[in-house]
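> This is the structure I have questions about; it appears just below.
The values are calculated or read from the model by the stated rules, or taken from the named source; none is laboratory data. Since we're looking at a predicted model, the values are computed, not measured. Note that we place each Cβ from the backbone using ideal geometry, even for glycine, and neighbour counts take in every protein chain shown.
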Amino acid sequence: MQSILNFLVKHNHWFLFIILEGISFVLLFSFNSYHGATMFTSANSVAGNIYSFVSDIGGYFNLKDENEALLEHNRELICQANAMREELRQYKDSALLANSSYTMQPSKEGFYFNTAKVINNSINRVNNFVTINKGKNDNIGQDMGVFNEKGVIGTVYQASDNFALVMPLLNSKMQLSCRIKDDNNFCSLKWNGDDILHAYIDDLPRHGEFKKGDVVVTSGFSSTFPTGIPVGEIVEFTESSTSNFNSAKVRLFVDFSTIDNVFVVGNDGKEEQKALEESITEEQ
Amino acid sequence: MTSNTFKNIRNFIMLALAQVLVFSQIHLFGYATAYIYLIFLIKLPRHTSINSMLLWGFTFGIVVDIFGNTPGINAAAATAMCFARKPILAMFTHKGLPDDFIPNANNLKWGSYLIYSGLCILIFYCILFILELFTVGNIIPLLICIGSSTLFTMLFVIVTEGFSHNKAKA
């Protein structure tokens with residue numbers, strides 16, 4: 001008994017070593033599955049505040065480019081608003097003409113938008129993450145979509161009170177539901193881990209006709225993003241002779257090395273949609 | 001002893017901030033990242049107990065992990081490096097040395113000091129990149145990452161050592 005105790009005391013550093021390595025591995029493997037663990041990421045309040053302070057200083061250096069981008073985006077919004085107003089007028093006219101017996105219901109999908117600023121960003125890993133300076137207190141929660149004026153960035157992975165961790169397209173675990181513009185077949189976009197400018201689609205239906213230069217947009221099925229937010233354009237198209245799906249290489253519109261101001265999109269109807277879809281899964 | 005602890009804590013905070021705000025953001029050629037906090041661990045006095053070495057390594061690792069969104073990876077690698085440090089240092093300790101010393105280029109001589117720190121850093125990067133890249137399963141980028149990052153960090157080891165070397169002479 002005494003010798004066992006002696007042995008344990010003499011080799012106590014082995015136990016400390018094993019315990020510390022154990023903690024590290026638990027953190028490493030639980031990070032991927034346990035969504036509540038913001039404490040051990042840069043979305044915790046200490047790390048978030050330090051990053052946000054440093055980002056405030058760095059933010060002044062590219063104000064000019066940011067302003068130009070914002071102006072450009074404003075201009076596009078105004079154009080879109082005009083186009084929609086025009087369209088609405090036409091619909092009203094045709095509705096009056098048809099004098100149908102029912103009135104159109106406004107869409108139940110309630111998307112709301114929030115702006116946020118990127119305070120930390122990585123692009124050189126296989127699993128990159130982006131930290132933004134808004135969190136639960138600003139109505140930002142898990143699985144919300146994040147995009148900027150150029151296109152889709154990613155989805156919110158975890159949110160603490162004042163910060164949120166975003167899983168961008170440049171993360172090997174990220175999969176985005178999307179479709180080719182002017183076509184209703186949906187497909188999913190994945191990143192392969194090395195080239196930050198390109199991502200891949202490998203489940204394009206064979207019967208569809210796609211070509212270089214086709215624009216890839218969000219599908220809107222996942223209720224994370226509204227439909228039609230640009231993602232990228234096809235630069236290479238490979239027809240498969242063996243499987244039912246063709247694949248394509250997509251150049252992403254967003255330059256992930258320079259993202260700064262972003263929009264976060266929430267959906268009022270999401271809980272309802274999710275609950276409905278889950279209830280079906282449970283019954284099966 | 002107390003003043004030493006305070007000095008260590010002050011160095012810890014400064015090195016950790018420099019690491020997460022500056023050095024972790026640099027990825028030379030997309031592969032090499034220098035983890036300069038290893039220099040702190042390499043230069044702890046010889047007779048630092050393994051337990052406190054392990055705790056220093058783990059704490060440093062976890063702080064860098066939290067800021068870098070890589071939970072556990074740095075902590076695991078730095079703890080392992082601290083564990084391996086004592087036997088590695090013992091290989092280069094010769095009789096002319098005082099009982100308790102801080103490893104540097106003066107008392108170990110440049111050659112031994114570089115091999116000693118190089119071995120420690122190599123162990124660290126092997127574990128770090130295997131943990132980070134093992135999902136991808138591609139061996140060539142793994143080796144490039146390990147090699148280039150080790151060399152990049154060694155550059156900072158030499159620079160810090162060069163500075164303190166000159167200071168000791170003057």
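> Would you check which residues across the stretch B:82-100 are modelled with pLDDT of 85 or more and of a type in the set (Gly, Ala, Ser) and list them?
Of everything in the stretch B:82-100, just one residue is modelled with pLDDT of 85 or more and of a type in the set (Gly, Ala, Ser), namely B:Ala84.
> For the subset of the stretch A:32-51 comprising residues that are modelled with pLDDT under 70 and facing chain B (nearest Cβ under 7 Å), which member is surrounded by the fewest Cβ atoms within 10 Å (Cβ to Cβ)?
Looking at the filtered set, the residue picked out is A:Phe40.
> Here's something else I'd like to know. Restricting to the stretch A:236-250, count the residues that are surrounded by fewer than 16 Cβ atoms within 10 Å (Cβ to Cβ) and either charged (D, E, K, R) or in contact (Cβ under 8 Å) with a residue 60 or more places away in the chain (or both).
Count: 2.
> Also: For the stretch A:122-134: of the residues being in a strand (DSSP E or B) and farther than 21 Å from B:Phe129 by Cβ, which is farthest from the other protein chains (Cβ to nearest Cβ)?
The qualifying residue farthest from the other protein chains (Cβ to nearest Cβ) is A:Ile132.
> With a cut-off of at least 1 residues that are over 30 Å from A:Gly193 (Cα atoms), basic (Lys, Arg) and within 14 Å of chain A (Cβ to nearest Cβ), name the helices (runs of 4 or more DSSP H) lying wholly within the stretch B:1-119.
B:73-92
> In the list A:Ile201, A:Ile153, which residue meets the criterion of being crowded, with 18+ Cβ neighbours inside 10 Å and over 11 Å from the mean Cα position of the chain (by Cα)?
Answer to the check: A:Ile201.
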